[in-house]
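Worksheet: the structure to be examined is printed underneath.
Values in this text are rule-based calculations from the coordinates and carry no lab data. Quick caveat, the model's predicted, so the values are computed rather than measured. Note: ideal-geometry Cβ built from the backbone for every residue, glycine included; neighbour counts use all protein chains shown.
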Amino acid sequence: MITYGLSAAASTRVSNELGAENPRKAKTAMAVSLKLSILLVLTVVVTLAFGHNIWAASFTNTASIINQFASITPFLLISITIDSFQGILSGVARGSGWQVLAVLAVWANLGTFYLIGMPVAGILAFKFKLYGFVDRVDMWSFMPSCCPLAYYFV
């Protein structure tokens, strides 16, 4: 949620600087927001990478659940990193006045999730009997496909 707060701050700052006809300051505001986001992400990712067993053990005592959480931790780390950059860059896009293009990217994300991610998850779950991995694979099967489409529209 902190990243989305930075996103709102970047949106406001970029729009104010562009309104004052200071494109260099708008670019600096974007760079500062991205650097803060990188610092935040590195802190969270390193903490979770080295302390994932402690984190999981704070919610359950079951060893199998802790082991399953350990197996999905790399995917979670990648997701946190990508989500952080996406949040900041969408704030900058809103501040730059590109709201229409951002809405198209949202529809591209939703479309690829339902057209690619859900069918892949269904096939893996029911044909290959990977019931426990469906949630992880569903999320990771649509993300690589939606990013190029989102960047195409933005």
Q. Taking the condition among the polar types (S, T, N, Q), in a helix (DSSP H, G or I) and in contact with a Lys or Arg (Cβ under 7 Å, 6 or more places away or on another chain), does SER11 pass?
A. yes
Q.
Can you tell me which residue is surrounded by the most Cβ atoms within 10 Å (Cβ to Cβ) among those in segment 8-41 that are over 26 Å from the mean Cα position of the chain (by Cα) and either aliphatic (A, V, I, L, M) or closer than 17 Å to ILE82 by Cα (or both)?
A. LEU18
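Kindly check whether there is at least one residue in segment 14-24 that is assigned to a helix (DSSP H, G or I), within 30 Å of GLY95 (Cα to Cα) and among the hydroxyl-bearing types (Ser, Thr, Tyr). Quick ask: steps written out before the conclusion?
Our first condition is that a residue be assigned to a helix (DSSP H, G or I); within segment 14-24, this holds for 14-19, 23-24.
Keeping just the survivors that are within 30 Å of GLY95 (Cα to Cα) gives 14-19, 23-24.
Subsequent filtering for residues that are among the hydroxyl-bearing types (Ser, Thr, Tyr) retains 15.
So far as segment 14-24 goes, yes, one or more of its residues are assigned to a helix (DSSP H, G or I), within 30 Å of GLY95 (Cα to Cα) and among the hydroxyl-bearing types (Ser, Thr, Tyr).
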Q: Keeping to segment 47-100, report how many residues are assigned to a loop (DSSP other than H, G, I, E, B), free of Cβ contacts under 8 Å to residues at least 60 places away in the same chain and of a type in the set (Ser, Thr, Tyr).
A: 3
